[in-house]
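Here's the structure we're looking at; comments come further down.
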Amino acid sequence: MSGRRVSRQSSSSGGGGGGSSGSSSSSRITDDEMINLISKLQQLLPEIPTSNTRTNRRTNHAKASASKVLQETCNYIKNLHREVDDLSDRLSQLLSTIDADSTEAAIIRSLIE
Amino acid sequence: MSTLESTPDRWKTVSQQQIYSMKLIQVLRRTDRHFTVRETADRLLAVSSGGRTRWSRAILSNRLSLNMMNNRRRRRHKKVRVSGEIRMKKKEAFDRKTRVLGELVPGCRKLSFSRLIDEAEDYIAALEMQVRAMSAVAGVLAGAGAGSLPADSDKLGCNN
């Protein structure tokens, strides 16, 4: 499982692996497909410095900026995980210090105001 | 056929956040839970997903508490000696980061690249909602502890 290459660049436009069939084997993705997918990711992220292509080597550059976006995405998810962890700790603390009645009262108050 | 329900945008509605917040408080108040707060929050998030995504199904398929499962995870670092071609190195960096992403999104280690991106997109939106909702819940509970009334109305669903 670990050595499997997920993506392989291919110059043929055979429609790529698509991926919607749910197969887990490595898929061939075209450059266009990858650029589309990466731009999709870019839209998710708060602030990504997009690199403008200046060279002719679309493939290399696409991979480079794709790597950057992938990196940012991974960092962002890790940050979100950490936030959830911190919030979970905080909620644990709060739950242990207040009784059930106060909780209920607070909820109701916050809803009806 | 892209209704709001099937897109990552569904995580951004106020009602989605409100419902999650309320249910979270409901479940957390119980004294018989054997999942941690984090696990509870994640499982509820997965349930809220409606079973359409792989990451949500992966979270729910873990019946055991993560405390018991942590030992199982191993890291496999594979060092590959390659030629000096820049192209090869960039490809490897790309593959490596793709793999990391697949490890961060639950249940998505073996997905094709395109499906992984789809899952990540939804998962990120869900996580953002989770953060907003849990922050609001913490605010409400903190207000309960202090015995003071919350300043904002509709706190559990506020999104800025």
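Whether any residue in the stretch A:94-103 is of a type outside the set (Val, Ile, Thr), part of a helix (DSSP H, G or I), more than 26 Å from residue B:118 (Cα to Cα) and more than 7 Å from chain B (Cβ to nearest Cβ) is what I want to check. Yes - at least one qualifying residue is present in the stretch A:94-103. Only one entry of B:100, B:105 meets the criterion of being modelled with pLDDT of 95 or more and buried (at least 19 other Cβ atoms within 10 Å of the Cβ), and that entry is B:105. Inclusion of residue A:27 among residues that are closer than 14 Å to residue B:98 by Cα, of a type outside the set (Asp, Glu) and modelled with pLDDT under 55 is warranted.
Of the helices (runs of 4 or more DSSP H) lying entirely inside the stretch B:3-89, the ones with 3 or more residues being modelled with pLDDT of 90 or more and either among the charged types (D, E, K, R) or surrounded by 15 or more Cβ atoms within 10 Å (Cβ to Cβ) (or both) are found at B:14-28, B:37-48, B:54-60. When you scan the stretch A:5-14, do you find a residue that is in contact with a strand residue (DSSP E or B) (Cβ under 7 Å, 6 or more places away or on another chain), more than 8 Å from chain B (Cβ to nearest Cβ), modelled with pLDDT under 70 and surrounded by 13 or more Cβ atoms within 10 Å (Cβ to Cβ), even just one? Yes, some residue in the stretch A:5-14 is in contact with a strand residue (DSSP E or B) (Cβ under 7 Å, 6 or more places away or on another chain), more than 8 Å from chain B (Cβ to nearest Cβ), modelled with pLDDT under 70 and surrounded by 13 or more Cβ atoms within 10 Å (Cβ to Cβ).
Of the residues that sit in the stretch A:67-93 and are under 19 Å from residue B:24 (Cβ atoms) and under 12 Å from the mean Cα position of the chain (by Cα), which one is nearest to the other protein chains (Cβ to nearest Cβ)? Here the residue is A:80.
The values are calculated or read from the model by the stated rules, or taken from the named source; none is laboratory data. As the structure is a prediction and not an experimental result, all values here were calculated from the model. All Cβ positions, even for glycine, are placed from backbone atoms using ideal geometry, and neighbour counts span all protein chains on display.
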